[in-house]
1. What about residue 360, is it open to solvent by 20 Å² or more (accessible area, probe 1.4 Å) and either within 21 Å of residue 87 (Cβ to Cβ) or not in a strand (DSSP E or B) (or both)?
2. Taking the options 76, 61, 95, name whichever one is open to solvent by less than 20 Å² (accessible area, probe 1.4 Å), under 28 Å from the mean Cα position of the chain (by Cα) and either farther than 30 Å from residue 174 by Cβ or at pLDDT 85 or above (or both).
3. When the stretch 436-471 is examined, which residues are found to be in a loop (DSSP other than H, G, I, E, B), open to solvent by less than 40 Å² (accessible area, probe 1.4 Å) and modelled with pLDDT under 80?
4. Would you tally the residues in the stretch 411-428 being outside any loop (DSSP other than H, G, I, E, B) and closer than 24 Å to residue 579 by Cα?
5. Could you list all residues from the stretch 289-306 that are over 14 Å from residue 80 (Cα atoms), touching a residue at least 40 places away in the same chain (Cβ under 8 Å) and open to solvent by 10 Å² or more (accessible area, probe 1.4 Å)?
6. Please indicate, with yes or no, whether at least one residue in the stretch 314-331 is β-branched (Val, Ile, Thr), outside any loop (DSSP other than H, G, I, E, B), open to solvent by less than 10 Å² (accessible area, probe 1.4 Å) and out of contact with any Ser or Thr (no Cβ under 6 Å at 6 or more places or on another chain).
7. Do we have residue 513 as without any contact (Cβ under 8 Å) to a residue 40 or more places away in the chain, within 35 Å of the chain's Cα centre (by Cα), in a helix (DSSP H, G or I) and buried (at least 17 other Cβ atoms within 10 Å of the Cβ) here?
Amino acid sequence: MADPSSYRPKPGQIPDSPGVYKFRDEHRRVIYVGKAKSLRQRLANYFQPLVSLHPRTATMVTTAASVEWTVVSTEVEALQLEYSWIKEYDPRFNVKYRDDKSYPYLAVTLNEEFPRVQVLRGHKKKGVRYFGPYAHAWAIRETVDLMLRVFPVRTCSAGVFRNAASAGRPCLLGYIGKCSAPCVGRVTPEEHSELAEEFCDFMAGRTGTYIRRLEKQMMIAAEDMEYEKAARLRDDIEALRKAMEKSAVVLADATDADLIALAEDELEAAVQIFHVRGGRVRGQRGWVTDKVEAVDTAGLVEHAIQQLYGEESGDTVPKEVLVPALPEDTEAVTAWLAGRRGSNVSLRIPQRGDKKDLMETVARNAQQALVLHKTKRASDLTTRSRALEEIAEALDLDSAPLRIECFDISHLQGEDVVASMVVFEDGLPRKSEYRRFQIKGFEGQDDVRSMHEVISRRFKRYLAEKEKTGEWVDGDLTEGEVPAQTTGEDDGRPKRFAYPPQLVVVDGGQPQVAAARRALDELGIDDIAVCGLAKRLEEVWLPGDDDPVVLPRSSEGLYLLQRVRDTAHDFAIRYQRSKRTKRIRTSPLDAVPGLGETRKQALIKHFGSVKRLRQATIEQIREVPGMGLKTAEAVVVALAQAAPAAPAVNTATGEIMEDDGGGTA
């Protein structure tokens, strides 16, 4: 625990201007990022007597070992820089909203020649128009199915589109009138793009124009006694109205707004957002966060706004953002939002009328989300804590192992030998820390030797990181160890192997455990516990012990160790299979220098198979577009040197099958 006075800046050293500051710990990791109108006034608040600080703030300043700052011109720049650094460094003491699910969006790919309507999740892509988010993907599909009667936009994948174009026949949707079939030229690219734009306009809330237009066309058709056309238009109008009914009108003035509400207690906060477009609720989403820093409702609102709009621009930032409390620097946040939208944005608290009533509804949703989250987490947190305590007691550890790393070896009959490392922190998987290894020290099957190599490589990297940050002061490196580069300023980003576990778990019994312990001893590391979990009887083995530790079958500690071991096993198997698949799919053409995937595929497409390509002359190869004389000669040499694959055999008849089919490059 550091004394804040040991790194407190000298009086007058901190500028009295807007800026962003970073606290770093002894490993040079950034643990907190903040902004201020006046850096001098804000940072002075952190160096008061600890008893006068909020407990969370006191924990942060005693964990930190240094503080630094960056001066900016305006408070808007400070807000933007703070958001960027929080995304980049992932500081442990900053409030970070974790989305409770990956919400689906209705997306229209306007960046394609023939725009496609589809369901998308994850990061938003440039040139794609998004609507939502929706609570369920099926809700999107129901809406799209109704609207395709009026706006028959393409919904098929690129592969289906190409196949239909090659065959000259549209898919089923083209035959039943729910796709305009641009794949076979029923509409031009311009006409199809116009359909997609109209689809987007309707989804954006401009519904009245299309309903009135269809009603007028229906009346004209009826007057002209085109009753079938009039009936079809009537059904189209009904379909659009049903699609509109799926999102009821909540604000009568066709408002575009996002409503943000909070529910919080001393430890956690839940955020709910309703996206209202054209007066209708078009989407809903929510987050839950731990209050790891001393922050009030206004601060939580500011963090939520940064999370929501930090990657957005244009119309995805609404004209109005309604909140339960205004951020401390409302003008800066409003200016930041306006910059992202490209026009003015109103940030305010609703005081009366429909907007206030809807805000109360959003707040009730936030409260229910917090109650549900706490109900789930109470059980999970208690169980995880008990499991870690049971492991500490069974293995005679000084404290609960908050970080556990597990290693497993995988191979297929001694080939493609790989290893995995998975990390669990506080009983939960931390997937960003997972690592994969290729065994390089030897060839063949030797799990014990492989385990020794992997543990050695992992913890050599740890020692190198310690030396780089100045924590490790031993002058001698382990034989064969490459010293870390010590030049350059550490940027505070999470390092790949910088943080040691309290417990190393290996998949195996006594031999694997002994190999892991020997690797650590050779590196001079004696403060990390090691154990192994053998699959057959689920016994826990400790270094040097002749008898295993047997945990009760109902033990939460055993269950956690099994989960860690199984996760490492699955991760290793997936990596080993991917390497084997990649090796099997290699082609003689891979050895040709400068021959990329495009020209490989062109060769295979032109000749039909590698066998026929092997029989071709240099002149015939040069007939393929993009193939020059030198490349054609290199292809001939590579194929001549490569031994042909063994012929395929029909197992039913014993017949040797000729390789006249297609191949992979």
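The values are calculated or read from the model by the stated rules, or taken from the named source; none is laboratory data. Just so we're clear, the structure is a prediction, and the values are computed from it rather than from any experiment. Heads up, the Cβs are rebuilt from the backbone with ideal geometry, glycines too, and the neighbour counts pull from every protein chain shown. The accessibility values were calculated without ligands, DNA or RNA, using every heavy atom of the protein model including side chains. Shrake-Rupley method; radii C 1.70, N 1.55, O 1.52, S 1.80 Å.
1. Values: open to solvent by 20 Å² or more (accessible area, probe 1.4 Å): yes; either within 21 Å of residue 87 (Cβ to Cβ) or not in a strand (DSSP E or B) (or both): yes.
Yes, satisfied.
2. Values: 76 fails: open to solvent by less than 20 Å² (accessible area, probe 1.4 Å); 61 fails: under 28 Å from the mean Cα position of the chain (by Cα).
None of the other options fit; the residue is 95.
3. Looking only at the stretch 436-471, we keep the residues that are in a loop (DSSP other than H, G, I, E, B), and these are 439-446, 470-471.
From what is left, the residues that are open to solvent by less than 40 Å² (accessible area, probe 1.4 Å) are 439, 442, 444.
Within the stretch 436-471, 442, 444 meet the criteria.
4. Taking the stretch 411-428 and keeping what is outside any loop (DSSP other than H, G, I, E, B), we get 411-412, 415-425, 428.
From what's left, closer than 24 Å to residue 579 by Cα: 411-412, 415-423.
The number of residues fulfilling the criteria is 11.
5. Scanning the stretch 289-306 gives 290, 291, 292, 293, 294, 295, 299.
6. At the first step, the residues of the stretch 314-331 found to be β-branched (Val, Ile, Thr) are 316-317, 321, 323, 330.
Keeping just the survivors that are outside any loop (DSSP other than H, G, I, E, B) gives 316, 321, 330.
Remaining after also requiring open to solvent by less than 10 Å² (accessible area, probe 1.4 Å): 321.
If we keep only those that are out of contact with any Ser or Thr (no Cβ under 6 Å at 6 or more places or on another chain) too, we end up with 321.
Yes, there is a match, as at least one residue in the stretch 314-331 is β-branched (Val, Ile, Thr), outside any loop (DSSP other than H, G, I, E, B), open to solvent by less than 10 Å² (accessible area, probe 1.4 Å) and out of contact with any Ser or Thr (no Cβ under 6 Å at 6 or more places or on another chain).
7. On the way: without any contact (Cβ under 8 Å) to a residue 40 or more places away in the chain: yes; within 35 Å of the chain's Cα centre (by Cα): yes; in a helix (DSSP H, G or I): yes; buried (at least 17 other Cβ atoms within 10 Å of the Cβ): yes.
Answer is yes for this residue.
For (1) among the small types (Gly, Ala, Ser); (2) over 21 Å from residue 200 (Cβ atoms); (3) touching a helix residue (DSSP H, G or I) at 6+ places or on another chain (Cβ under 8 Å), each residue gets a yes or a no:
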residue: 263; (1), (2), (3): yes, yes, yes
residue: 267; (1), (2), (3): no, yes, no
residue: 317; (1), (2), (3): no, no, yes
residue: 342; (1), (2), (3): yes, no, yes
residue: 360; (1), (2), (3): no, yes, no
